[in-house]
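The values are calculated or read from the model by the stated rules, or taken from the named source; none is laboratory data. Worth saying up front: this structure is predicted, and the values here are computed from it rather than measured. FYI the Cβ positions are ideal-geometry reconstructions off the backbone, even for glycines, and counts take in every protein chain you see. The area values use the complete protein model at the heavy-atom level, side chains included, leaving out ligands, DNA and RNA. Shrake-Rupley method; radii C 1.70, N 1.55, O 1.52, S 1.80 Å.
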Amino acid sequence: MKLYITPGSPYARMARILVLEKGLESRVEIILAQTRASDSPYYAINPSGRVPYLIRDHGAGLEESALVCAYLDHVDGHPLFGPPRDDEAWEERRLEALARSMLDGLCVWIREIHRPQHERSPTLIEHEADRAHRMADVWEREIDHALMRGPLNMPQITLACALGLEGRAPDFRWRAGHPNLREWFDRIAARPSFALTAPPSAAAPSGAQA
Ligand SMILES: N[C@@H](CCC(=O)N[C@@H](CS)C(=O)NCC(=O)O)C(=O)O
């Protein structure tokens, strides 16, 4: 299989974490894609131009981090990250959606602050900054949910990839006033699959944009 990524993409990072957690390194070739360039050769491979993009061994390519992660989890016939037991299924999906909501907003914010100054919208930046800080308050409470403290799952991976964007957005100061979240994040960030996929910090080239 071939997995197209950029080093700074939190969505691609989720797929890279799955590759490492599932021990699929020998089966998945990680390839750097050139995104956000008008004449990128990557568009001939994936016309949407987005990452992650997984080309299966004998099949069409897959887009969308949730689908790519689910495929990587199931490819060996021994899924580790779902589906959860019936009574937990909706709770897990609720938490994953909450984490993804934060992640999606952060990516909009980070893209905006990486634009040339004259193209940036202060209104959008303020809107996304406020959203991110509200979501950090929500997660300070939710982080004690049993599913966030139990075995690794997609809500945990998604939230950690969102919080891990702190180095890409200097004003995303979620640590202050959120001691539970800080303790949780620092523990999960030390896991080898997270440490090995940490995004480059703010001054990275455009290929590392969120
Ligand atoms: N909903 C998609 C989002 C993927 C996405 O937006 N990836 C960004 C990088 S963080 C990208 O490839 N951007 C390139 C572009 O928009 O052309 C997913 O979950 O995979």
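Here are the numbers for the structure shown:
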read-out	value
All positions within the range 113-132 that are open to solvent by 60 Å² or more (accessible area, probe 1.4 Å) and under 18 Å from the mean Cα position of the chain (by Cα)	Arg131
Residues within the range 73-103 that are within 15 Å of the chain's Cα centre (by Cα) and not polar (S, T, N, Q), tallied	8
Restricting the range 1-30 to residues that are over 17 Å from the mean Cα position of the chain (by Cα) and free of Cβ contacts under 8 Å to residues at least 40 places away in the same chain, the residue that is nearest to the ligand (Cβ to nearest atom)	Glu29
Search result, residues across the range 147-174 that are open to solvent by less than 70 Å² (accessible area, probe 1.4 Å), over 18 Å from Ser65 (Cβ atoms) and part of a loop (DSSP other than H, G, I, E, B)	Gly150, Ala169, Phe172, Trp174
Filtered residues of the range 83-102 (kept if closer than 19 Å to Met148 by Cβ and more than 16 Å from the ligand (Cβ to nearest atom))	Pro83, Pro84, Arg85, Asp87, Glu88, Ala89, Trp90, Glu91, Glu92, Arg94, Leu95
Long-range neighbours under 6 Å by Cβ, at least six apart or interchain, first residue over 13 Å from Asn180 (Cα atoms) and free of Cβ contacts under 8 Å to residues at least 12 places away in the same chain within the range 136-165, second assigned to a helix (DSSP H, G or I) and open to solvent by less than 40 Å² (accessible area, probe 1.4 Å)	none
Only listed residue being in a loop (DSSP other than H, G, I, E, B), of a type outside the set (Gly, Ala, Ser) and surrounded by fewer than 19 Cβ atoms within 10 Å (Cβ to Cβ), chosen from Leu80, Leu67	Leu80
Checklist (1) at pLDDT 95 or above; (2) open to solvent by 40 Å² or more (accessible area, probe 1.4 Å) applied to Pro200, failing item	(1)
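Results for (1) touching a Ser or Thr at 6+ places or on another chain (Cβ under 8 Å); (2) farther than 22 Å from Gly82 by Cβ; (3) hydrophobic (A, V, I, L, M, F, W, C); (4) open to solvent by less than 70 Å² (accessible area, probe 1.4 Å), shown as yes or no for each residue.
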position	(1), (2), (3), (4)
Gly8	no, yes, no, yes
Tyr11	yes, no, no, yes
Met14	yes, no, yes, yes
Ile17	yes, no, yes, yes
Glu25	no, no, no, no
Thr35	yes, yes, no, yes
Pro41	no, yes, no, no
Ile45	no, yes, yes, yes
